[in-house]
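Remarks on the structure that follows.
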Amino acid sequence: QDETVYSVAVDPTKITSANAATLATDLDSTPTKMRARYDPGAKQPVHLLTITQAAYATARSDFIALQSAGVIQVTEIVGRVYPFGSDAAAVTGYVNAVQDSDLLQDASHYYESTDTKGREGIEAWAETTLRPVKGGELDIIDTTSGEPAFTIARRSPAAGADVRTTISAQLQQAAVTQIGKETKAGSAVALDPASGEVLVLASSPMYNPNDFSIGFSDNESVRFNALLPQSPYLDRAVAGQYPIGSLMKVTSLAAALENGIGADHVFDCTGSFLIPGQAHPSIDDSPHGHGDITEVTGLAESCDVVFWTIGVTLNSQNPNLLPNMAKTFGYGSLTHIVGLPDGTEQPGLVPDAAWLKQFNGGDWAPVDAANLAIGQGFFTATPLQIAVVSGAVANGGTRWQPRLVTSIVGPDGAAIATYAATALGKLAVSSDHLAVMQAAMVDVTTMPGATSYGTWNGFPALVAAKTGTAQTSTPIPDALYMCYSPASPLSGPPVKAKIAASAVVEYSGFGDAFAQPVTRAILTAYLAPSGS
């Protein structure tokens, strides 16, 4: 939002060591760093920093005393302020000063060197509607008097439009706070399964957009530089592309059911599986095996042997069966999320025989199908895609285009643009088979021995879920989770799911231990009696 901010200037001829220390504390600096901002021999006040209303309120008594002593000057100006800072930066993006390249590329001749421009997120997506209408007057000037002799045209300035988002600040902050507790980089997405409205789009760590629009304090510069190795500019929720591990088993289950491997088919899990063409067997996470097990129970207990077998079996029928099913789930394609500029979102990758031949120079083999069935190998997806899949399973099979924005409204309150719910497609799964998938995801949280059994104890609604633990290039795996709630009980009347979510916590460990708490924090904020 645009609001009053405060420009603080210092008179170098009047500052002392004592009030320099006070001012440094108030401006999130140190006396040494603050002095580096101005020439001690300057005869005129020198701008130090622009601060928000909140920062000014904290330091107000100090500023009044320093102003009275003539040490500083405080001027009210209008600036772009982000009340939720880095918590919502994956949504808002940021603005900063117009660059020479912007002026060269500005065919509309709108920008001046003193303007700011949206760089990421909604700020960039809606730049031309968020920016104000500039006022001005075109006159014929009397060269004798220098006064206007005739006005050709006149336009009054006007405020820019407002963008109405779908984000819940309460849920967004719950997600970011929980990711922070995990002390790892991560992301989370939550949406309404019935409409695609995005309730959470969180990525951490993230830059603070106030630093770009108002200015970096000295200490904030240090903190930001420390974040750079963790890619704070990467919106992991839509651009992080990950192997999703066992989350893929939901899709593999759908492919099995649709291609003749029934829900009552019994697999023999001895704890290992020899993939055709491999010299050594692959070992399940349960090396002693799960015994006789169906694919439904195999999903709940995340049995790799079951899904390696499914991948190899489907591959023997047709190598495209599983990749094509993954594509109908939206993997490997952009969701075209409403509210983010083109180029922000990444599509992930669904490998198949044609892709492997073209881009990797190899021939598709049973091991590739087995890896795909458990979300490893070349396969990658984004947290946004995972949340869309979770929502589609929850709502009966429709993949809704995710929306961060519902409308753009002009200063007069009239809608300039609206964005209605739009279906991207349907899961290629019959209603009977989808019901099996839903029941299997309920088993994940309710069946003894399941990967998420007991972790939702005390939650006020039934949760359907899937855990994921994906191998990475390091010894520490990524933790992943997908879920929706309320889920329909295994017996009794169905209920309508209100929220679907996904989370990824990088290089952390098991999905249920590190990613599930992030989704739980979101669902708790939404479904608990105090929530919305």
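The values are calculated or read from the model by the stated rules, or taken from the named source; none is laboratory data. What you are looking at is a predicted structure, and each value in this text was computed from that prediction instead of being measured. FYI the Cβ positions are ideal-geometry reconstructions off the backbone, even for glycines, and counts take in every protein chain you see. Quick note on the areas: whole protein, heavy atoms, side chains included, nothing else; ligands and nucleic acids left out. Shrake-Rupley method; radii C 1.70, N 1.55, O 1.52, S 1.80 Å.
Residues in the stretch 475-484 carry Karplus couplings, in order, of x, 9, x, 7, 9, 9, 7, 9, 6, 8 Hz; the curve used is 6.51 cos²θ - 1.76 cosθ + 1.60 with θ = phi - 60°, and Gly or Pro positions show x. Classify the stretch 73-220: rounded, prolate or oblate, from the alpha-carbon gyration tensor (a ≥ b ≥ c, eigenvalue square roots; a/c under 1.5 rounded; otherwise prolate if a/b is larger than b/c)? Note, shape of the stretch 73-220 comes out prolate. Between amide H atoms placed 1.01 Å from N, distances below 5 Å from residue 400 occur with 424, all of them 5 or more places distant or on a separate chain. Its Cα gyration tensor gives the chain an equivalent ellipsoid. The semi-axes, each the square root of 5 times an eigenvalue, are 53, 26, 22 Å from largest down. Computed over the Cα atoms of the stretch 438-482, the ratio of the radius of gyration to the Kirkwood radius (Rg/Rh) comes to 1.07.
Put the Cα centre of the stretch 337-384 next to the Cα centre of the stretch 465-512 and the gap is 20 Å. If you model the stretch 256-344 as an ellipsoid using its alpha carbon gyration tensor, with each semi-axis the square root of five times an eigenvalue, the axes come out at 30, 15, 15 Å, biggest first.
Accessible area per residue of the chain at 1.4 Å probe, in Å²?
On the way: 23130 Å² over 532 residues.
Spelled out: the 1.4 Å probe surface of the chain, per residue, equals 43 Å².
The relative contact order of the stretch 354-450, computed from alpha carbon pairs under 8 Å that lie at least 6 residues apart in sequence, is 19 percent. Is the shape of the stretch 6-162 rounded, prolate or oblate, going by the alpha carbon gyration tensor and its root eigenvalues a ≥ b ≥ c, with a/c under 1.5 for rounded and a/b larger than b/c for prolate? Oblate. Among 409-422, 222-235, sorting by the average number of other beta carbon atoms lying within 10 angstrom of each residue, highest first, gives 222-235, 409-422.
The H on the amide N of residue 508, modeled in the peptide plane, is under 5 Å from the matching H of 478, 479, each at least 5 residues off or on a different chain. Please say if the stretch 56-149 is rounded, prolate or oblate, where rounded means a/c under 1.5 for a ≥ b ≥ c the square roots of the C-alpha gyration tensor eigenvalues, and otherwise the choice is prolate for a/b larger than b/c and oblate otherwise? Oblate, since a/c reaches 1.5 and b/c is not below a/b. For the stretch 344-356, the Karplus equation 6.51 cos²θ - 1.76 cosθ + 1.60, evaluated at θ = phi - 60°, returns couplings of 6, 7, 10, x, x, 8, 10, x, 8, 4, 5, 4, 4 Hz by residue, with Gly and Pro reported as x.
Arrange the peptides 370-378, 117-125, 258-266 so that the one whose residues have, on average, the most other Cβ atoms within 10 Å appears first.
370-378, 117-125, 258-266
Averaged over residues, the count of other Cβ atoms within 10 Å places the peptides 319-325, 41-47 in the sequence 319-325, 41-47, highest first.
If I model the stretch 467-513 as equal point scatterers sitting on the Cα atoms and use the Debye formula, what is log10 I(q)/I(0) at q = 0.31, 0.32 Å⁻¹? The Cα Debye sum returns log10 ratios of -1.01, -1.05. What's the whole-number percent of alpha carbon pairs in the stretch 426-532 lying beyond 22 angstrom? Within the stretch 426-532, distances greater than 22 Å cover 33 percent of Cα pairs. Estimated purely from DSSP H runs of n ≥ 4, each contributing -39500 (n - 2.57), the mean residue ellipticity at 222 nm for the chain is -9000 deg cm²/dmol once divided by its residues. Our note on the geometry: Cα centres of the stretch 98-131 and the stretch 221-281, 40 Å apart.
Out of every Cα-Cα pair that the stretch 1-48 contains, those further apart than 13 angstrom amount to 56 percent.
So, with a 1.4 angstrom probe, what is the percent of accessible area on the chain that is carbon and sulfur? Write out the running numbers ahead of the final one.
Details: 12170 of 23130 Å².
It is 53 percent, rounded to a whole number.
As a length-normalised measure over Cα pairs under 8 Å and 6 or more apart, the relative contact order of the chain settles at 15 percent. Residues whose amide H comes within less than 5 Å of that of residue 416, counting only those at least five positions distant or on another chain, are 408, 409, 410 (H built at 1.01 Å from N in the peptide plane).
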